[in-house]
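Undergrad: The structure that follows is given in the form of structure tokens.
The values are calculated or read from the model by the stated rules, or taken from the named source; none is laboratory data. Being a predicted model, the structure only gives us computed values, none of them experimental. Cβ placement follows ideal geometry from the backbone for every residue including glycine, while neighbour counts extend to all protein chains displayed. Just so you know, the surface numbers come from the protein's heavy atoms only, side chains and all, with ligands and any DNA or RNA stripped out. Shrake-Rupley method; radii C 1.70, N 1.55, O 1.52, S 1.80 Å.
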Amino acid sequence: MSPLKAAFLAVCLIASALFFLTGNSIAGSFTTVVIDPGHGGKDKGAFWYGVKEKTLTLDVALRVEKLLKARGLRTALTRRSDVYTSLDQRAAIANRYSRSIFVSIHFNAHTNRSIKGLETFYSSSAGRNIARAVQRRIVYKIKGKNRGIKKSVFAVLMRTRAPAILIEAGFLSNLSEGRRCQTEWYRQTLAQAIVDGILSTR
Ligand SMILES: [Zn+2]
């Protein structure tokens, strides 16, 4: 190998090592978790059997916040009451924080009421690592059907600079899963599993 080729190869190796290391540290060194309770105000989200998605997402978000604070992390919520917040506003709030990750919480619905389970979306590779860790834990703790992690182009994920995930934590349109989502056990267990998953990636 010529000295020029060897030097070129060395530069490439160093560059890829740096990319790998910094990529990892961005995902791994966050100090703030921006929690995004889906929907709110005039936007009810899914609405089945008298249960509104916007109510459940806020409840879980507040539980996640409490658990994260107890573990010494900083948190921010995109809303903390029943108010409408646009997707742009949510991303703008998230983008105020450096060294952060973004966790959006939703519940699902489908006109086919037999469909059930939990799934987590991401848009970047750093987001995928967090999505994988969270999805594994929520499915295990809730004993829910694993619908897997999925890459998405949801606006709220794309407009957020930090690694971002969006959790769909069960189908309100499925009678039995919807009933489970309404129990405090489900929402507290879900919140704990989300926090365990998040912290495992630090
Ligand atoms: Zn939703």
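Undergrad: Of all residues in the range 28-74, which are among the hydroxyl-bearing types (Ser, Thr, Tyr) and over 16 Å from the mean Cα position of the chain (by Cα)?
TA: SER29, TYR49, THR55, listed by residue number.
Undergrad: Please specify each residue of the range 104-136 satisfying the condition of being open to solvent by 30 Å² or more (accessible area, probe 1.4 Å) and among the small types (Gly, Ala, Ser).
TA: So in the range 104-136, the residues open to solvent by 30 Å² or more (accessible area, probe 1.4 Å) come out as 109-116, 124-125, 128-129, 132, 136.
If the condition is that a residue be open to solvent by 30 Å² or more (accessible area, probe 1.4 Å) and among the small types (Gly, Ala, Ser), then ALA109, SER114, SER124, SER125 are the ones that fit.
Undergrad: Of everything in the range 36-52, what is closer than 18 Å to ILE165 by Cβ and open to solvent by 10 Å² or more (accessible area, probe 1.4 Å)? Give them in sequence order. Write out each step before concluding.
TA: From the range 36-52, those closer than 18 Å to ILE165 by Cβ are 36-39, 45; that's our starting set.
If the condition is that a residue be closer than 18 Å to ILE165 by Cβ and open to solvent by 10 Å² or more (accessible area, probe 1.4 Å), then HIS39, GLY45 are the ones that fit.
Undergrad: Moving on to the next point. Out of the range 171-188, which residues are touching a Lys or Arg at 6+ places or on another chain (Cβ under 7 Å) and not hydrophobic (A, V, I, L, M, F, W, C)?
TA: Matches in the range 171-188: SER173, ASN174, GLU177, TYR186, ARG187, GLN188.
Undergrad: Looking at LYS44 and the list (1) free of Cβ contacts under 8 Å to residues at least 40 places away in the same chain; (2) closer than 19 Å to GLN188 by Cβ; (3) within 16 Å of the ligand (Cβ to nearest atom), which single condition is not satisfied?
TA: Going through the list (1) free of Cβ contacts under 8 Å to residues at least 40 places away in the same chain; (2) closer than 19 Å to GLN188 by Cβ; (3) within 16 Å of the ligand (Cβ to nearest atom), LYS44 breaks only (2).
Undergrad: For the range 140-158, indicate whether the set of residues that are in contact with a Pro (Cβ under 6 Å, 6 or more places away or on another chain), open to solvent by 10 Å² or more (accessible area, probe 1.4 Å) and either hydroxyl-bearing (Ser, Thr, Tyr) or touching a residue at least 12 places away in the same chain (Cβ under 8 Å) (or both) is non-empty. I'd like the intermediate steps shown before the answer.
TA: Let us first name the residues in the range 140-158 that are in contact with a Pro (Cβ under 6 Å, 6 or more places away or on another chain), namely none.
No, that holds for no residue.
Undergrad: Okay, moving on. Somewhere in the range 53-68, is a residue within 16 Å of the ligand (Cβ to nearest atom), modelled with pLDDT of 95 or more, in a helix (DSSP H, G or I) and of a type in the set (Gly, Ala, Ser)?
TA: Yes: the range 53-68 contains one or more residues that are within 16 Å of the ligand (Cβ to nearest atom), modelled with pLDDT of 95 or more, in a helix (DSSP H, G or I) and of a type in the set (Gly, Ala, Ser).
Undergrad: What are the residues in the range 27-41 that are more than 16 Å from the ligand (Cβ to nearest atom) and assigned to a strand (DSSP E or B), if any? If you could, list the steps in order and put the result at the bottom.
TA: Residues of the range 27-41 more than 16 Å from the ligand (Cβ to nearest atom): 27-34.
Hits for the range 27-41 are THR32, VAL33, VAL34.
Undergrad: Of everything in the range 56-95 that's among the hydroxyl-bearing types (Ser, Thr, Tyr) and open to solvent by 40 Å² or more (accessible area, probe 1.4 Å), which residue is farthest from ASP43 (Cα to Cα)? Even if it seems obvious, please write down each step before you answer.
TA: So in the range 56-95, the residues among the hydroxyl-bearing types (Ser, Thr, Tyr) come out as 57, 75, 78, 81, 84-86.
Applying the additional criterion that residues be open to solvent by 40 Å² or more (accessible area, probe 1.4 Å) yields 81, 84.
Numbers: SER81: 13, TYR84: 6 Å.
The selected residue is SER81.
Undergrad: Name the helices (runs of 4 or more DSSP H) wholly inside the range 86-202 in which the number of residues that are within 16 Å of the ligand (Cβ to nearest atom) is 3 or more. Give the steps one after another, and end with the answer.
TA: Numbers: elements: 87-94, 125-142, 155-158, 175-181, 184-200.
In the range 86-202, 87-94, 155-158, 175-181, 184-200 are the helices (runs of 4 or more DSSP H) which contain 3 or more residues that are within 16 Å of the ligand (Cβ to nearest atom).
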